[in-house]
Amino acid sequence: YIKSLEAWISGNLTQAIKELERIAERYPEEKEAFMWLGFTYRSGLRRNEEAVRYLNKAIEIDPLYKVAYLLLAYVYNDLGDFEKSIWAVNKYISLAPDEANPYDTRAYLYACNGKLDQAIESYKKALKIKPDFWWSLSGLGNMYLFKREYVKAESCYQKLCSGSDKDTRSAGRLY
């Protein structure tokens, strides 16, 4: 993993993949290796079909592997398969119903596909779980902005400005 990360950081994604493939060959039940292969193919090389294959292998090893479902949702969205992206993120939600991130991800997927009202509801669900989750607060503000509900958008951004973290306050001021 260290060699793969070193290769990734230096921009040598081919070497990063080779290192991860070595791990997967030696330890065929190592779900992390398959997840990182999927991540590298998606994020580094933009080769989403390969990413799907590796992420599905990670899920085959561990059907409760939240991170793999998260990444799979993004990959399916990148491929233009909205239904599968929602399926994957809903599976993630079923595995982590008390976490904000899966609802935030679902909201993002809805937003990317022009479903603003569903995005708003999912962002609100994330914020109900974690009121200071700044990703959801900014996303919710953006949805209100797109709907021309400027007072509601500004309210979200003002909440960011009053956050306890300086980076969150900075993001709020930017918005």
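The values are calculated or read from the model by the stated rules, or taken from the named source; none is laboratory data. Bear in mind the structure is a predicted one, so any value in this text is a computation, not a measurement. Please note: Cβ atoms are built from the backbone with ideal geometry, for glycine as well, and neighbour counts cover all protein chains shown. SASA here: full protein model, heavy atoms, side chains in, ligands and nucleic acids out. Shrake-Rupley method; radii C 1.70, N 1.55, O 1.52, S 1.80 Å.
Among the listed residues D167, D132, D98, identify the single one that is among the charged types (D, E, K, R) and either over 21 Å from the mean Cα position of the chain (by Cα) or at pLDDT 95 or above (or both).
D98
Sort through K152, K84 and tell me the only one that's more than 19 Å from the chain's Cα centre (by Cα) and of a type in the set (K, R).
Answer to the check: K152.
Please indicate, with yes or no, whether at least one residue in the stretch 133-147 is part of a loop (DSSP other than H, G, I, E, B), hydrophobic (A, V, I, L, M, F, W, C) and open to solvent by 20 Å² or more (accessible area, probe 1.4 Å).
Yes, that holds for at least one residue.
I'd like to know if the stretch 91-99 contains one or more residues that are among the aliphatic types (A, V, I, L, M), in contact with a helix residue (DSSP H, G or I) (Cβ under 9 Å, 6 or more places away or on another chain) and within 23 Å of G44 (Cα to Cα).
no
Any residue in the stretch 1-19 that's assigned to a helix (DSSP H, G or I): show its pairings with residues that are of a type in the set (K, R) at Cβ separation under 6 Å, as long as the two are six or more apart or on different chains.
From the stretch 1-19, the pairs are E19/K3.
Go through G80, G44, G114 for me and flag whichever is open to solvent by 20 Å² or more (accessible area, probe 1.4 Å), at pLDDT below 95 and among the small types (G, A, S).
G44
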